[in-house]
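Before we start, here is the structure in question, set down as structure tokens.
Derivation of every value follows stated rules applied to the coordinates shown; laboratory data play no part. Note that the structure is a prediction, hence the values are computed from the model and not measured. FYI the Cβ positions are ideal-geometry reconstructions off the backbone, even for glycines, and counts take in every protein chain you see.
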Amino acid sequence: MRQLIFVILPFLLPSLIYLFWWLRARKRAVDAGQPEQAPGLGDAPITLLLGVGVSFVVLMIFGFMLSGDGRPGDKYIPPRTVDGVIQPGYFEPRK
């Protein structure tokens, strides 16, 4: 699930936005009585969409690298419940 949210979704987001725009533009052209003016799905800027998607994934990964608190070799202690209170996870320094 985490890979879906942090890798696949940012990669597909530009294509999903383009698809939404394409559907709206096609509907407008058909409603205006000019379906020949509607953009074709084959006219999509595939290279641009792939480039922006890969850039989003790289930015997500880079952001997570910068936001990490632990150092190499540190032990991660996950969140736990103590006396009904949730204690957040933390990194325990290497001894």
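Express the C-alpha Rg of the chain as a ratio against the empirical globular expectation 2.2 N^0.38 Å, rounded to two decimals. Kindly include the intermediate steps, with their values, before the conclusion.
Working: Rg = 22.4 Å, N = 95, 2.2 N^0.38 = 12.4 Å.
The reported ratio for this selection is 1.81.
Which residue, G53, G70, G40, tops the fluctuation ranking in a GNM of the chain built on C-alpha contacts under 10 Å?
So, out of G53, G70, G40, the one fluctuating most is G70.
Compute the acute angle (0 to 90°) between the alpha-carbon long axis of helix 9-31 and the principal axis of greatest extent of the alpha-carbon atoms of the chain; round to the nearest 10°.
Between the helix axis and the principal axis of the chain, the angle is about 20 degrees.
In whole Å, what is the distance between the alpha-carbon centres of the range 30-66 and the range 78-95?
41
I'd like the orientation of helix 46-67 relative to the chain: the angle between its Cα long axis and the longest Cα principal axis, in ° from 0 to 90, rounded to 10.
20
Place +1 on the Cβ of every Lys and Arg and -1 on the Cβ of every Asp and Glu in the chain, take the dipole about the Cα centre, and give the residue among G40, P79, L4 whose Cα lies farthest towards its positive end.
After comparing all options, I get P79.
Same structure, new question: With labels modelled as points extended 7 Å from the Cα through the Cβ direction, what inter-label distance (nm, one decimal) is found for I8 paired with F91?
2.9
Once you place label points 7 Å from the Cα toward the Cβ at Q34 and K75, how far apart are they in nm?
Reported label-point gap for Q34 and K75 is 7.0 nm.
A further question on this structure: Could you pull out which residues in the range 39-53 have an amide N less than 12 Å from a spot 7 Å beyond the Cα of R26, following the Cα-Cβ vector?
Residues 39-44 qualify, since their backbone N sits under 12 Å from the label point.
Moving on. Which value, in debye to the nearest 20, describes the size of the charge dipole of the chain about its Cα centre when Lys and Arg Cβ atoms bear +1, Asp and Glu Cβ atoms bear -1, and nothing else is charged? Write down the numbers at each step before the final one.
On the way: 10 positive and 7 negative charges, 42 e Å.
Dipole magnitude for the chain comes out near 200 debye.
Can you give me the long-range amide H partners of F91? Hydrogens built in the peptide plane at 1.01 Å from N, cutoff under 5 Å, separation of 5 or more residues or another chain.
Long-range HN contacts for F91: I77.
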